[in-house]
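**Student:** Input: one structure, supplied below.
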Amino acid sequence: MSAVRRDLLPDSAWVDGSGSLWIGGCEVTALAAEYGTPLFVYDEEHLRARCREAVAAFPDGAAYATKAFLCGAMALLAHEEGMQLDVATGGELQVALRAGVPADQLIFHGNNKSAYELAMALDVGVRHIVVDNADELDRIEHLHHASGVVAKVLVRLNPAIEAHTHEYLQTGVADSKFGFAVEGGVAADAVRRVKGSAAFEFAGVHAHIGSQVYATSSFAKTIEVLGAFAGDTDASELSIGGGLGVAYVGDEQAPTITQWGEAVRDAAVAAGVNAKITAEPGRSIVASAAVTAYSVGVMKPIAGVRTYVAVDGGMSDNPRPVLYGSGYEAFLARATAAERDLAVRIVGKHCESGDVIVAEAYIPRETAVGDVLVTPVTGAYGHSMGSNYNMVVRPPVVFVRDGFARLVVRRETYDDLVARDLVIG
């Protein structure tokens, strides 16, 4: 197996004469030595470039989907680059506000927002609440009766479009927990209710068909459905949501954010849509901006079966392979361009046989215990979906740029793990 594909690495990545990987002007093995492993390393300029690309691709409004990766530094970075932020819980809302993002730049999502979360969003004055169901409309009307605050809303539609992606990542099919169904008139009834109630200010409609979608034609179809529906509603905004896929392994190809935007705008023109077209990219902003650095702890060859390579992280810092069967590449930080001639299974340290990071990996035969092993394209849904399973501590996050590394999320400690435990001794 040849060296890892260059476009799977962050924009600033380069390999020095000895074969060592550098990102943002910092040597990855040196970062691992300083901050320990596992370690998330983000190329800050890569993040900023993708944010700027999204703003250019969707000039009517681009909101960063914080579920992909959120910390204070990322929230502030996206805001600095002109993006709004899409938050889906009170916790995500709190992180964004604490980072200094103005409330009117926040779009509040979620299929089961509590009354407390809705009150929080209304109190701070978020830009839009994306309403998902009739029970949520009831809650907002109840809050309005108590406070008089009017909710500016987008009505989330379920367009019954089957995006070509993993079953668990499809959110726009008829059988989904998300949105008001267009078919059967449910969505039309919801819009009529919103427009007829003093509790709401109707701004437009929203749809999100799924995640890790490669075919821009799926988004074009969504625009057709949204445009046809919105034509009779006076919607000023159509949000296409997010879901643009990225390449994780060598045989995958994905559209750029720019190509995505062009396809959506072309579809809007063809459908005669006059409303503003907005979007909510997440994975495509952050995924390939980061790598995860692990330390090899065990090399375990089993004759006639396979070789296991166990690292010091696992499903607690990257649950995607367990959840979705997602594929990843792997390579040595000190020998990035080396031939990968040893077939292995890379596993974590958790008490689960399914704790697999890369099921069929190829790494250099020279790999040894103590080496720093890297998996690329881990900037989305690693940190944000991480857990403390087996009471492991969650990894730190560093942003690198122009030869400097800054710690934006520190490593958890054992004290952190017991901080909420009220039964001691």
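**Student:** Treat the count of other C-beta atoms within 10 Å as a stand-in for reagent exposure and order 22, 14 from fewest to most.
**Tutor:** Going from sparsest to densest Cβ surroundings: 14, 22.
**Student:** Further question: Assuming a ≥ b ≥ c are the square roots of the Cα gyration tensor eigenvalues, decide whether the range 44-286 counts as rounded (a/c under 1.5), prolate (otherwise, with a/b larger than b/c) or oblate.
**Tutor:** In terms of gyration-tensor shape, oblate.
**Student:** Same structure again: If each residue of separation counts as 0.36 nm, what is the full-extension length gain between residue 274 and residue 308 once their alpha-carbon separation is subtracted?
**Tutor:** Gain on stretching residue 274 to residue 308: 6.6 nm.
**Student:** Would you kindly derive the ³J(HN,Hα) couplings of the range 200-217 from the backbone phi angles with the Karplus curve 6.51 cos²θ - 1.76 cosθ + 1.60 (θ = phi - 60°), listing them in order in whole Hz, with x for Gly and Pro?
**Tutor:** Those phi angles translate into 10, 10, 7, 10, x, 10, 9, 8, 9, 8, x, 10, 6, 9, 8, 7, 5, 5 Hz.
**Student:** So, in nm, how far is label residue 236 from label residue 402 when the simple model puts each one 7 Å beyond its Cα toward the Cβ?
**Tutor:** Calculated label separation equals 3.9 nm.
**Student:** Take each of the peptides 81-92, 407-418, average the number of other beta-carbon atoms within 10 Å over its residues, and list them starting from the highest.
**Tutor:** 81-92, 407-418
**Student:** Relative contact order for the range 44-286: what is it in percent, counting Cα pairs under 8 Å that are at least 6 residues apart?
**Tutor:** Across the range 44-286, relative contact order equals 20 percent.
**Student:** Read phi for every residue in the range 312-320 and hand back ³J(HN,Hα) as whole Hz from Karplus 6.51 cos²θ - 1.76 cosθ + 1.60, θ = phi - 60°, with x for Gly and Pro.
**Tutor:** Running phi through 6.51 cos²θ - 1.76 cosθ + 1.60 with θ = phi - 60° gives 8, x, x, 5, 6, 10, 8, x, 4 Hz.
**Student:** Can you tell me how much longer the chain between residue 369 and residue 413 gets when fully stretched, taken as 0.36 nm per residue apart minus their C-alpha distance, in nm with one decimal?
**Tutor:** Full extension from residue 369 to residue 413 adds 13.4 nm.
**Student:** Calculate, in nm to one decimal, what residue 389 and residue 259 gain on full extension: separation in residues at 0.36 nm each, minus their alpha carbon distance.
**Tutor:** Working it through step by step, the gained length comes to 42.9 nm.
**Student:** Now a separate question. Taking residue 300 as the anchor, which aspartates and glutamates have their alpha carbon closer than 16 Å to its alpha carbon, excluding any fewer than eight residues away along the same chain?
**Tutor:** Those aspartates and glutamates meeting the cut-off are 312, 355, 360, 366, 371.
**Student:** Follow-up. Sticking with the crude label model, points 7 Å out along Cα→Cβ, report the distance from residue 298 to residue 6 in nm, one decimal please.
**Tutor:** Rounded to a tenth, the inter-label distance reads 3.8 nm.
**Student:** In sequence order, what are the phi-derived ³J(HN,Hα) couplings for the range 68-79 according to the Karplus relation 6.51 cos²θ - 1.76 cosθ + 1.60 with θ = phi - 60°, rounded to whole Hz, with x for glycine and proline?
**Tutor:** Those phi angles translate into 5, 6, 9, 8, x, 5, 6, 4, 5, 4, 4, 5 Hz.
**Student:** If you average the alpha carbon positions of the range 364-380 and of the range 393-408, how far apart do those two centres end up, in angstrom?
**Tutor:** Spelled out, the Cα-based centre of one part sits 18 Å from the other.
**Student:** A further question follows. Which pairs in the list 195/221; 177/349; 113/349 are over 29 Å apart, alpha-carbon to alpha-carbon?
**Tutor:** Beyond 29 Å: 177/349; 113/349.
**Student:** So who's got an amide H within less than 5 Å of the one on residue 129, skipping anything under 5 residues away but keeping other chains? H placed 1.01 Å off N, in plane.
**Tutor:** The answer is 108, 152, 153, 154.
**Student:** Quote the relative contact order of the range 92-152 in percent (integer), defining contacts as alpha-carbon pairs under 8 Å separated by 6+ residues.
**Tutor:** 34
None of the figures in this text is laboratory data; all of them are computed from the coordinates on show. Keep in mind that this is a model prediction, so the values were computed, not measured. Positions of Cβ are generated from backbone atoms using ideal geometry, with glycine treated the same way; all protein chains shown enter the neighbour counts.
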